[in-house]
Amino acid sequence: MPLKIFRKPRTGTATGSAAGSAKPPRAADGEVLLETVGLTKSYAGADGELPVLAGIDLKVRAGEIVALLGKSGSGKSTLLRCLAGLIPPSSGTVAYRGAPLTGANPGTAMVFQTFALLPWLTVQQNVELGLEARGVPDEERARAAVHAIDLIGLDGFESAYPKELSGGMRQRVGFARALVVEPDVLMMDEPFSALDVLTAENLRGELMELWESGQFPTRAVVLVTHNIEEAVLMADRIVVLGSRPYGTIRETIDVGLERPRDRESEAFQDLIDRVYRIMTGRTEAKETTAPAAQAAPGGEPGRAAGRPEPVDLDKRTVANTPLPTATVDGFSGLAELVAHRGGRCDLADLSDELGLDIDDMLPQVDALDLLGFATIQGDDLLLTDVGGAFAGADVQESKTLFARAAIQVPLVKLITNSLRRQPEGTVRAGFFRDLLAHHYTSEQVEQQLETATDWGRYAELYMYDADPEEYRLDEGAALL
Ligand SMILES: Nc1ncnc2c1ncn2[C@@H]1O[C@H](COP(=O)(O)OP(=O)(O)O)[C@@H](O)[C@H]1O
Ligand SMILES: [Mg+2]
């Protein structure tokens, strides 16, 4: 299959902008890409056939995000696999652009809940896999992989192995691997449900920004989820699957809310309540377990009431400024949640709402504070101006803002400056390990390096090769 080229050029750490400003086509006039007619599916079980899906008539059009929503066991994954041509229906048909499927659907690529990466391959190699299967020549493969990696914010992680990556970064590889083939329809099977809440929040936000900006190299998305809020946040159309006695389409809901969507709005909350009632088969309101609307938060977005005193950087050292064990995706997700609440929110309330222990949020809070993206006032977390900008930015902008902040963090600065001083731009990890050993236990040393590696990679300040345990200067360092 001929390989289209991503609309967006590789930008390094430059601000992402203009290039792909074309909006995705709108759903209403979209061409029908996928269609099932009278689809049923049963699995062979010990006591005969187990019916899972019955009478499924479904169309997926160009320009739309369709969510398949249902409880566990309602047949969502089965339907997705039928649409992707990975399993045949028991009866009925599945067609791609009007042609009935006879095997794997050439117009789809899949993102799995469990990432499904090959541990012995690097990020770059994992991303290239999808193209290898389609017989794309080496050089074109590498070029397309670099574009996909860049698009999804994985720049700087090319040579990393999956085990070195946080869950969020691993799932980014899953996205890049699916997007690299530029499928007409991106299929996602609960792609955020193996991630912690904050990381999931961040990835959802980034994907939606890409989709809305027209940079997404696919024409439609089918998202499987059991999370009502996720469906209302992302989908143009929600297909609710009921599971008794087997999976049928209970109702299809046109979402019709403006993007980007405001979760605090009444319309958003009303829709959540409505979908909840449909899912539980209730016609009456309510007693919903869906997240309740929060009291309006104070403060304006991005405004920093009470900016902190500028930190005296000279007094911050590697010894007295440990990095919190927080991933970029984690604290980005927290920043985004606070931004949604007007740039300020009570930490205890937020952790309650997310069902998180407040202790689990503290590393992310510390990270935002350390980076100058937020301050703490009493019980509230307050985004600074730059923190507000970071939360609202697209991937490329957020990388630039993050790089500027991260380079001020002592350990990140130490690594970057040490690399700058080396003519060949590389330093063995052992060097930093020895330095840190003066101040930290060996376990803490590893934690410090792990976080500094994650941050430095995301900022594109430096890369890290696990074999031979070596840091290498990245292009981003030259820009700061
Ligand atoms: N390969 C299979 N063989 C037999 N039963 C299966 C198989 N895959 C799924 N099922 C059954 O089909 C039903 C629907 O499963 P699934 O499509 O995975 O639902 P969901 O994704 O909504 O949780 C479940 O009862 C599950 O146990
Ligand atoms: Mg499933």
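Summary of computed values
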read-out	value
Selection status of V60, away from ligand 2 (no atom under 16 Å from the Cβ), buried (at least 19 other Cβ atoms within 10 Å of the Cβ), at pLDDT 90 or above and closer than 24 Å to F192 by Cβ	yes
Selected residue (only one of R428, R433, R472, R421 is among the basic types (K, R) and closer than 21 Å to M169 by Cα)	R472
Matching entry among L210, L186 (being surrounded by 18 or more Cβ atoms within 10 Å (Cβ to Cβ), more than 16 Å from ligand 2 (Cβ to nearest atom) and under 24 Å from S398 (Cα atoms))	L210
Positions within the stretch 462-480 being in contact (Cβ under 8 Å) with a residue 60 or more places away in the chain, aliphatic (A, V, I, L, M) and either part of a helix (DSSP H, G or I) or within 26 Å of L401 (Cα to Cα) (or both), in sequence order	M463, A477, L479, L480
Every residue from the stretch 408-436 that is more than 14 Å from Y462 (Cα to Cα) and either surrounded by fewer than 18 Cβ atoms within 10 Å (Cβ to Cβ) or of a type in the set (G, A, S) (or both)	Q408, P423, G430, F431, R433, D434, L435
Tally, over the stretch 84-116, of residues that are closer than 16 Å to V181 by Cβ and of a type in the set (A, V, I, L, M, F, W, C)	8
So G135, is it outside the structural domain of D454 (by TED's automatic domain parsing) and either over 23 Å from A84 (Cβ atoms) or part of a helix (DSSP H, G or I) (or both)	no
Selection from the stretch 239-277 of residues that are closer than 16 Å to I65 by Cβ and within 16 Å of ligand 2 (Cβ to nearest atom)	V239, V240
Residue list for the stretch 107-120, filter: over 15 Å from the mean Cα position of the chain (by Cα) and at pLDDT below 95	A116, L117, L118, P119, W120
Residue that is of a type in the set (K, R), more than 16 Å from ligand 1 (Cβ to nearest atom), surrounded by fewer than 20 Cβ atoms within 10 Å (Cβ to Cβ) and part of a helix (DSSP H, G or I), where the choices are R259, R274, R263	R274
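Per-residue answers, yes or no, for (1) in contact (Cβ under 8 Å) with a residue 12 or more places away in the chain; (2) over 23 Å from P191 (Cα atoms); (3) in a loop (DSSP other than H, G, I, E, B):
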position	(1), (2), (3)
S42	yes, yes, no
L68	yes, no, no
L79	yes, no, no
A116	yes, no, yes
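Residues are listed down the side, and each one gets a yes or a no for (1) touching a strand residue (DSSP E or B) at 6+ places or on another chain (Cβ under 7 Å); (2) farther than 19 Å from Q124 by Cα; (3) part of a strand (DSSP E or B):
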site: A403; (1), (2), (3): no, yes, no
site: I415; (1), (2), (3): yes, yes, no
site: R420; (1), (2), (3): yes, yes, no
site: G430; (1), (2), (3): no, yes, no
site: Y440; (1), (2), (3): no, yes, no
site: T453; (1), (2), (3): yes, no, no
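The values are calculated or read from the model by the stated rules, or taken from the named source; none is laboratory data. Bear in mind the structure is a predicted one, so any value in this text is a computation, not a measurement. Don't worry about glycine lacking a Cβ; one is built from the backbone with ideal geometry, like all the others, and counts go over all protein chains shown.
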